[in-house]
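Notes follow once the structure below has been shown.
The values are calculated or read from the model by the stated rules, or taken from the named source; none is laboratory data. These figures come from a predicted structure and were not determined experimentally. Because the Cβ atoms are built from the backbone with ideal geometry, glycine has one as well, and the counts that use them run over all protein chains shown. SASA here: full protein model, heavy atoms, side chains in, ligands and nucleic acids out. Shrake-Rupley method; radii C 1.70, N 1.55, O 1.52, S 1.80 Å.
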Amino acid sequence: MQESKQAKEIILTKNPPNYSLTGESKIQLANGKKRRLDKIKVGDMVLGVDKETNKVVPCKVIKSDTLEDIKTYGSFNKYTFSDGQFIKIVADHKFYNTDKKVFEFINSCNTRDRFLKEDGSIVKLIEKKFYNRCVHHFEIDTTLHNYFANGFLVGTNDVNNFDFNKIDYKA
């Protein structure tokens, strides 16, 4: 009986938007600390890449889901990389693919593709795994339309591509 009560309280998102990560994803703040995505709010300063200056710089969060508007979806994908790091994504999200020098939806990437980390290192995608479990998901956007999540450079809908070889990582 208790299970049915819980099931009624969970409202699943029918069509999750792209650019949606799970709440435990760690976002790189401008002050050097990391914060869970579900704790990020509009006005917070995070790190992103300015394509005009090729520098990692502070940028302001201009959109953030709030905990009052918790969205739940019935499945997620977990992506694991060659450095042992992983990230969970609902629907899809753009990551910076260093082989192609573009932000690309990670669902369309292969396990041989390589991705950019916040320190300039490059890691290979080694595993994609689907989970059929409920998870809360969140979105943010920044003034630069990119930011670092779990150490990876990720982009939002309006992100522009640039050459990662020119990025100055000294924020």
Pick from 23, 32, 48: which is most flexible by mean-square fluctuation in a GNM of the chain where alpha carbon atoms under 10 Å apart are linked?
32
Got a number for carbon plus sulfur as a percent of the range 34-171's accessible area, 1.4 Å probe?
46
Considering only protein heavy atoms, what per residue accessible area in square angstrom results for the chain with a 1.4 angstrom probe?
53
Once the other residues with Cβ under 11 Å from the Cβ of residue 133 are scored (Lys, Arg +1; Asp, Glu -1), what is the net sum?
+2
Would you mind checking the pairs 94/128; 88/129; 41/166 and listing those with alpha carbons more than 20 angstrom apart?
41/166
Once amide hydrogens are built 1.01 Å from N within the peptide plane, the residues lying 5 or more places from residue 71 or on another chain with amide H under 5 Å from its amide H are 137
From the phi angles alone, apply the Karplus equation (6.51, -1.76, 1.60; θ = phi - 60°) to the range 120-132 and give each ³J(HN,Hα) in whole Hz, x where the residue is Gly or Pro.
x, 6, 10, 10, 9, 6, 10, 7, 10, 9, 9, 10, 9
I'd like the Karplus ³J(HN,Hα) series for the range 85-102: coefficients 6.51, -1.76, 1.60, θ = phi - 60°, whole numbers in Hz, and an x wherever there's a Gly or Pro.
6, 9, 8, 10, 10, 9, 6, 7, 7, 8, 10, 7, 8, 6, 5, 9, 6, 9
How much of the DSSP beta bridge set in the chain is antiparallel, as a percent to the nearest 5?
95
What value, in deg cm²/dmol to 500, does the helix sum -39500 (n - 2.57) over DSSP H runs of n ≥ 4 give at 222 nm once divided by the residues of the chain?
-1500 deg cm²/dmol
Would you tally the net charge around residue 104, using a Cβ to Cβ cut-off of less than 13 Å, leaving residue 104 out, and scoring K and R as +1, D and E as -1?
+1
Counting only trypsin sites (Lys or Arg not before Pro) that are in a DSSP loop and have at most 15 other C-beta atoms within 10 Å, tell me the longest site-free stretch of the chain.
42-99
